[in-house]
Amino acid sequence: MNKCKSNIVTLSGTLCLTFLLSLFLTSDISLFAFMSAMNVGNDFKISDFYSRVANTFQQNVNEDIVIIDIADCSREQIAETIENVEACRPAAIGVDIIFREKSDSLTDNRLRNAVNGSGNIVLATSADNTSGEYIRSSYFSDSIASKGNYGVTNLETTSGLPTGVVRGFRHSYPIKNDTFPSFAALLVEKAFPERYTKHGEKETIYFPGQLYFHHTTEELAQYGKELGLEGKIILLGDYSGSDDLHRTPISEQLSGIEIHAAAISTIMDGKPVKEIPSIWSWLIAIIVCTAILLLKLALQSKKYGAFAVRICQILLIALSVLAGCYIFKELRIVIDINKIVLMLLLGLLSMDIWTGIYGFYSDISNRKRNK
C-alpha cells in the first residue's frame, strides 16, 4: 500500500514538474527551430515541418491550373499572350502583374483590347491596409476593366513582415468602405463557382505536393490549343524570374504565381487545414508522458528496465512524429508534436529530479521525527 501511494505521489509530482518545464521551454519556439529544415528561428510553425515531410512523399499535378511564364515580357508580348490564351477557351485567366505607369498609346491600347476581349479575366491589384487604398493599372478605366475584374495579390505572412513565411491567404480585403476579393478567390469564383468553398476569412494554404504545368510564351504561341488549356485556370505571372520570390513552408524561394496557384488549389479542394486547440495538444502530451512514466515505475527494479524504458521512449517519440505527419498529410489536421516530444524527453529527467527532491525531503522529515 505504501509503495502504491509512493508511486502515485511520484507520478503526480513528475507530471507537474514535466508540464511546467515544457510550458516554460515552449514559450519561445525558437528553442525548437532545429525541427525546421528552413532554420527560420521565431518564424516557425510545426505545420512547416509537416509540409516539408509531406511534400517529399506527395507529388501530384493539378490539372485545373496552368502557369504561363511572362517574366521579362513586354506589354505587347503580354497582350499577345492574353489573346493566345483566350483563343484556347480557358475557364478564367489571372494576370499577376500591375502596370503602374502608362506606356506608349499603341501598346497600351492593344493591352487594353486584349483584356477587354477576354471573358473571365482577373487583373492584379495591391491593397494597402494602412491607408485603405488599392493600386491598379491607372490606364484601365472602369468602363473597360471594372472593379469586378480586380483581385488583391497581397501575400499574407504570419510575422507581418515582407520577409516572413507565407502560409495563408485571405478571401477578401476590406478597403475603406469597400471590399475587394483576393486574386485566388476571384479566379475560383469566375472559373468554377460550384467549387468555391470558404472556411473562414483567413485560411492556411496547403502547399505539399502541388505541381502545375507551366509553359513559356513561345510554347503557347507555337502549340496553342495543343497545350490543353481549355476549361482551366490560366495564370500569367513571373515564374522564372527572381523578383517575385517568397519564403513558404516548402521552399525558401517560391514564386508568387505558384503561391497563388496553391491558394486556388486549396480553395477548390474544399479541405481546410485545421490546427487543434493548444489544450488538446497538451492533453495528448500528458497522456503519452504518463504512459512512459508508468512504464518507468513498473520496470525500474528490473535488470534491463532502464534500457527498455529508454528504447520505448525513443520509439514513442518516433511514433509521435510519424503520426503527426500522417494525420497532416491525410486529414490536414495540425497536432503540435513539439509538446509531446518535449514532455517525453523531459519526463524521465523530471522523475529523477522529483525522486531526488522527494527523497531528500523524506530524509529530513524522518530525522525530525527521530529527535
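Write out, first by first residue and then by second, each pair whose Cβ atoms fall under 7 Å of each other, whose residues are 6+ apart or on separate chains, and whose first residue, in the range 41-57, is buried (at least 18 other Cβ atoms within 10 Å of the Cβ) while the second is modelled with pLDDT under 85 and among the β-branched types (V, I, T).
Pairs found: D43/T158; F44/I29.
Which of the residues spanning the range 211-223 are touching a residue at least 24 places away in the same chain (Cβ under 8 Å) and not in a strand (DSSP E or B)?
Within the range 211-223, T217, L220, A221 qualify.
Select from the range 9-40 the residues that are of a type in the set (F, W, Y) and either farther than 21 Å from I287 by Cβ or surrounded by 19 or more Cβ atoms within 10 Å (Cβ to Cβ) (or both) and write down the one among them that is modelled with the highest pLDDT.
Looking at residues that are of a type in the set (F, W, Y) and either farther than 21 Å from I287 by Cβ or surrounded by 19 or more Cβ atoms within 10 Å (Cβ to Cβ) (or both), I get F19.
What's the total number of residues in the range 94-131 that are assigned to a helix (DSSP H, G or I) and open to solvent by 60 Å² or more (accessible area, probe 1.4 Å)?
Selection size over the range 94-131: 6.
Is there any pair linking a residue in the range 224-240 that is open to solvent by less than 40 Å² (accessible area, probe 1.4 Å) to one that is among the hydroxyl-bearing types (S, T, Y) and not in a strand (DSSP E or B), with Cβ under 7 Å and at least six apart or on different chains, and which?
What qualifies is L236/T81.
Could you give me the residue pairs with C-beta distances under 6 Å whose first residue belongs to the range 184-204 and is in a loop (DSSP other than H, G, I, E, B), whose second residue is surrounded by fewer than 13 Cβ atoms within 10 Å (Cβ to Cβ) wherever it lies, and which are 6+ apart or on separate chains?
Partner pairs satisfying both residue conditions: T197/G270.
Could you say which residue among L345, L316, L295, L299 is in contact with a helix residue (DSSP H, G or I) (Cβ under 8 Å, 6 or more places away or on another chain), open to solvent by 70 Å² or more (accessible area, probe 1.4 Å) and closer than 21 Å to L17 by Cβ?
L345
Which one of these is open to solvent by less than 50 Å² (accessible area, probe 1.4 Å), closer than 30 Å to N60 by Cβ, modelled with pLDDT of 90 or more and touching a Pro at 6+ places or on another chain (Cβ under 6 Å): F207, F183?
Among F207, F183, only F207 is open to solvent by less than 50 Å² (accessible area, probe 1.4 Å), closer than 30 Å to N60 by Cβ, modelled with pLDDT of 90 or more and touching a Pro at 6+ places or on another chain (Cβ under 6 Å).
Name every residue in the range 309-362 that is at positive phi and part of a helix (DSSP H, G or I), in order of residue number.
Those that are at positive phi and part of a helix (DSSP H, G or I): none in the range 309-362.
The values are calculated or read from the model by the stated rules, or taken from the named source; none is laboratory data. Computed from a predicted structure; not experimentally measured. Cβ sites come from the backbone with ideal geometry, for glycine too, and all protein chains shown count toward neighbours. Remember, those area values only see protein heavy atoms, side chains included, never the ligands or the DNA or RNA. Shrake-Rupley method; radii C 1.70, N 1.55, O 1.52, S 1.80 Å.
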